[in-house]
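Comments concern the structure below.
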Amino acid sequence: MTKNSEQELNDMHDISALVNSDTSPGNVMCEDELSALLQEHHVWLASAGEEGKRLVLNYRNLSNQCFYNANLEKSIFTKCDMSSCNFSRAKLRHAALNGCDMKRTNFSHVKFEYASLSYSRFFCTDFYDANLRLADLTGTNLKGAHLFGTRLPADTWLILGEKYSIQIMHGVTLSAGCQVHKIEDWRRFRQSEIESMDGERAVKFYPRLLDILDAYLGKGERPDWL
């Protein structure tokens with residue numbers, strides 16, 4: 001393994017601990033500093049990691065910065081404030097943007113090939129004509145995003161018009177209201193567990209939720225108490 005490959009693995013290894021910490025972004029990064037870091041990243045990409053430096057930003061305040069059409073492939077942003085940034089047409093292939101604040105961020109026309117946006121927060125986030133088909137959206141809530149013309153990952157749906165807003169993510173988890181659980185757990189909950197979520201209202205809705213799961217992911221098991 002090359003030195004650069006080892007460094008990439010170390011950078012990615014650090015992400016899980018950073019996303020779960022409570023540290024908040026600091027002061028706003030100045031444009032000159034960001035421009036220098038982007039130039040180093042471009043050199044790093046062009047030299048296949050032999051020169052320059054990979055863009056790795058943790059807990060930085062990048063609000064209102066412009067990344068329009070920038071090449072940010074393989075960059076890492078962890079728990080950064082990206083509110084009101086412009087990433088329109090940026091290249092984010094294999095990038096990691098985890099645990100970031102993305103309210104009012106513009107990601108229009110972006111292809112997120114093999115990128116991760118896990119546990120980032122969306123509010124009025126613009127994904128117009130973006131391709132999230134191969135992106136990792138684990139732990140995100142799409143209800144706060146503008147998804148006109150957006151391609152979502154396989155087995156991912158945002159379902160509105162029910163008593164609770166429902167989101168199925170990667171065919172692995174389902175969120176109903178504020179409750180987020182694995183699909184297999186939803187199918188096996190005891191009546192007391194459902195009741196503890198939102199009382200009788202949740203109990204009455206539970207069969208409907210299982211109907212929705214069957215419609216989107218195929219017929220599955222149901223608990224004996226129904």
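The values are calculated or read from the model by the stated rules, or taken from the named source; none is laboratory data. It should be emphasised that the depicted structure is a prediction, and the values quoted were computed from it without experimental measurement. So basically every Cβ, Gly included, is an ideal-geometry build from the backbone, and we count neighbours across all protein chains shown. Side chains are part of the model used for accessible areas, which takes the heavy atoms of the whole protein and leaves out ligands, DNA and RNA. Shrake-Rupley method; radii C 1.70, N 1.55, O 1.52, S 1.80 Å.
List of remarks:
- A 1.4 Å probe over all protein chains sorts Phe87, Phe123 by accessible area into Phe123, Phe87, starting with the largest.
- Taking label positions 7 Å along the Cα-Cβ direction at both His170 and Tyr59, the computed distance is 2.6 nm, reported to one decimal.
- Among the trypsin sites (Lys or Arg not before Pro) within the range 158-207, those in coil by DSSP and having at most 16 neighbouring Cβ atoms inside 10 Å are Lys163, Arg188, Arg190.
- Cβ-based charge dipole, the chain, positive-most Cα from Asn141, Ser35, Asn98: Asn141
- Difference of contour (0.36 nm per residue) and Cα-Cα distance, Arg188 to Leu158: 8.6 nm
- Nearest-0.05 FRET efficiency for Asn69 and Arg133, computed from C-beta distance (R0 25 Å): 0.75
- Two-site FRET efficiency, Glu221 against His109, from Cβ-Cβ distance with R₀ of 35 Å, rounded to 0.05: 0.25
- With a cut-off of 19 Å on the backbone N, the residues of the range 195-219 near the modelled label site 7 Å out from Lys143 along Cα-Cβ are 195-213.
- Sequentially through the range 92-100, phi angles give Karplus couplings (6.51, -1.76, 1.60; θ = phi - 60°) of 10, 5, 6, 7, 10, 10, 9, x, 9 Hz, Gly and Pro residues having no value and appearing as x.
- Three-way shape label, the range 72-139, alpha-carbon gyration tensor, a/c 1.5: rounded
- Length-normalised contact order of the chain in % [C-alpha pairs under 8 Å, at least 6 apart]: 9 percent
- Each peptide in 166-177, 97-108 receives the mean, over its residues, of other Cβ atoms within 10 Å, and ordering these scores from highest gives 97-108, 166-177.
- Inter-site label distance for Asp211 and Asp32 at 7 Å from Cα along Cβ, in nm: 6.4 nm
- Computed from backbone phi, the HN-Hα couplings of the range 63-68 come to 3, 6, 7, 10, 10, 3 Hz, rounded to whole numbers (Karplus: 6.51 cos²θ - 1.76 cosθ + 1.60, θ = phi - 60°; Gly and Pro given as x).
- Computed over protein heavy atoms with a 1.4 Å probe, the accessible surface of the range 71-156 works out to 40 Å² per residue.
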